[in-house]
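Data first, discussion second: the structure below is written as structure tokens.
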């Protein structure tokens, strides 16, 4: 059986890993908001479509997968470890809420909305692009960006909740240390 010290160490490692994953996911979505999509919108529609098709085809990789699929579960595990390590209900709740927000507002939202939009864009042929690139891009870009902004906000809230959980855990450690002095 694990001791309190072991559980505290597991919690701290999990909390830092969760924060790193959440920051990576938020940053990924944020970059699309403030540069990538603006750049694509500034390009000609045929170039934007082909570039987006290429980016969507490349994003399914071993570097991105841990952040996309692992952040929500990591945060939920951190919430459980916080509770098991005696970090307090507030810390456990903050990490658990963060996990739920990221899981549903980031991962599930992406899988339900952005991925189907990306898959539909992937089916657009060169002939269709040549015939009507402006309409295809206009129909895709604006709604995709709205949903991306939503998942960016959700993962940003998740990051703030995780950071608050880590800060609350730190305050609790300081309180426990001063009580033993």
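Side notes on the structure shown:
- Residues that are without any contact (Cβ under 8 Å) to a residue 24 or more places away in the chain and over 30 Å from residue 8 (Cβ atoms) within segment 46-89 comprise 47, 51, 54, 55, 58, 59, 60, 61, 62, 63, listed in sequence order.
- Residues of segment 115-131 that turn out to be farther than 30 Å from residue 69 by Cα and surrounded by 14 or more Cβ atoms within 10 Å (Cβ to Cβ), as a count: 1
- When 57, 31, 9 are checked against the criterion of being over 26 Å from residue 124 (Cα atoms) and assigned to a helix (DSSP H, G or I), 9 stands alone in meeting it.
- Unmet requirement for residue 95, which otherwise passes all of (1) closer than 20 Å to residue 151 by Cα; (2) more than 20 Å from the chain's Cα centre (by Cα); (3) surrounded by 14 or more Cβ atoms within 10 Å (Cβ to Cβ): (2)
- Meets criteria (modelled with pLDDT of 95 or more and surrounded by fewer than 14 Cβ atoms within 10 Å (Cβ to Cβ)) for residue 1: no
- Residue within segment 63-84 that is surrounded by fewer than 18 Cβ atoms within 10 Å (Cβ to Cβ) and within 30 Å of residue 133 (Cα to Cα) present: yes
- Search result, residues across segment 16-27 that are within 20 Å of residue 149 (Cβ to Cβ) and either free of Cβ contacts under 8 Å to residues at least 40 places away in the same chain or outside any helix (DSSP H, G or I) (or both): 27
- Test result for residue 14, at pLDDT 95 or above and in contact with a helix residue (DSSP H, G or I) (Cβ under 8 Å, 6 or more places away or on another chain): yes
- Taken as a whole, the condition of being part of a loop (DSSP other than H, G, I, E, B) and under 24 Å from residue 137 (Cα atoms) does not apply to residue 50.
The values are calculated or read from the model by the stated rules, or taken from the named source; none is laboratory data. Here the structure is a predicted model, which is why all the values come from computation and not from measurement. Reconstructed Cβ throughout: ideal geometry from the backbone, glycine too, with neighbour counts over all protein chains shown.
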